[in-house]
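Heads up: the structure comes next, in structure tokens.
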Amino acid sequence: MTKRFNILFFVCIAISMLLPTETLAQRYGFHKRQRTAEEKALEDSIPLFRGVAVGTDLVGPVMRAVGDYGQYELIVRGNLKDRYFPTVEVGYGSADKTDDATGIRYKTGAPFGRVGIDFNVMKNKHDLYRVLVGARYGYTSFNYDIGPLVIDDPVWRTKATYETTDQKCSYGWFEAVAGIDATLWKFIHLGWSVRYRARLHQKIPDVGEPYYAPGYGKKGSSRIGAMFNVMFEF
């Protein structure tokens, strides 16, 4: 009898010691990890397709208005679970540059396209703000004109004019993208991105590398650019 009483006594003491611990755990949120898992399960229950956004970049038109080159483009972006954003960007780029020293004029205009995907790296992927990182593949095929170049002939003391037109060229390039997207009001979003571009392949004529390639920018093996987007998300 005494042995059974002792066992029962120790069991009661153990249970009494556990009760305050359980109460404190509930009171001070020691079960936060369990609740977070439940909230995560609720968040992940949203549909795969969350909508589509259509917009444009504002930097390219401003550059074309105040400078020698620029572009206009349309952006279409899907939304999968607020985490993945497959994106298509199409546009038209043009340049009209006259060298101050030589008087040579470079002129081109052609469409371009990019396709890729962005990832929302925010912990709360359903927030009004998104931090996006991603990649693009871009391509353009275009013709450009150079001239006229006036050359003085020292022997015959005459002037010779040289120009070339419809020089065919193509560029393919990769873009690494990092940016921010924020909800301004309901379905209106504003965002900016920084892009690092690197050429993957090209076809250039014998007369030399073009001054500007639509969608890519000025000549060079790589370059850094920026975009400021206005998007309407539905």
Going through the stretch 78-90 one residue at a time, which ones are outside any loop (DSSP other than H, G, I, E, B) and open to solvent by less than 20 Å² (accessible area, probe 1.4 Å)?
-> Gly78, Asn79, Phe85, Thr87, Glu89
The condition from (1) part of a loop (DSSP other than H, G, I, E, B); (2) open to solvent by less than 30 Å² (accessible area, probe 1.4 Å); (3) among the aliphatic types (A, V, I, L, M) that Ala101 misses is numbered (2)
What about Gly93, is it buried (at least 16 other Cβ atoms within 10 Å of the Cβ), in contact with a Pro (Cβ under 6 Å, 6 or more places away or on another chain) and either of a type outside the set (Asp, Glu) or part of a loop (DSSP other than H, G, I, E, B) (or both)?
-> yes
Could you tell me whether Thr108 is part of a strand (DSSP E or B), hydroxyl-bearing (Ser, Thr, Tyr), open to solvent by less than 40 Å² (accessible area, probe 1.4 Å) and under 18 Å from Tyr212 (Cβ atoms)?
-> yes
For the stretch 205-216 the number of residues that are open to solvent by less than 70 Å² (accessible area, probe 1.4 Å) and at pLDDT below 95 is 5
Qualifying residues in the stretch 121-137 (those that are outside any strand (DSSP E or B) and among the basic types (Lys, Arg)) - the one farthest from Thr183 (Cα to Cα) = Lys123
Picked from the stretch 185-204 (must be exposed (fewer than 15 other Cβ atoms within 10 Å of the Cβ) and in a loop (DSSP other than H, G, I, E, B)), the residue nearest to the chain's Cα centre (by Cα) is Phe187
Note on the stretch 58-71: residues surrounded by 13 or more Cβ atoms within 10 Å (Cβ to Cβ) and out of contact with any helix residue (DSSP H, G or I) (no Cβ under 6 Å at 6 or more places or on another chain) are Leu58, Val59, Gly60, Pro61, Met63, Arg64, Asp68, Tyr69
The number of residues in the stretch 147-184 that are at pLDDT below 95 and touching a Pro at 6+ places or on another chain (Cβ under 9 Å) is 4
Search result, residues across the stretch 147-184 that are at positive phi and open to solvent by 20 Å² or more (accessible area, probe 1.4 Å) = Arg157, Asp166
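The values are calculated or read from the model by the stated rules, or taken from the named source; none is laboratory data. Computed from a prediction, not measured in an experiment: that's the story for all the values here. With ideal geometry, Cβ positions are generated from the backbone for all residues, glycine too; neighbour counts draw on all protein chains shown. With ligands, DNA and RNA removed, areas are computed over all heavy atoms of the protein, side chains included. Shrake-Rupley method; radii C 1.70, N 1.55, O 1.52, S 1.80 Å.
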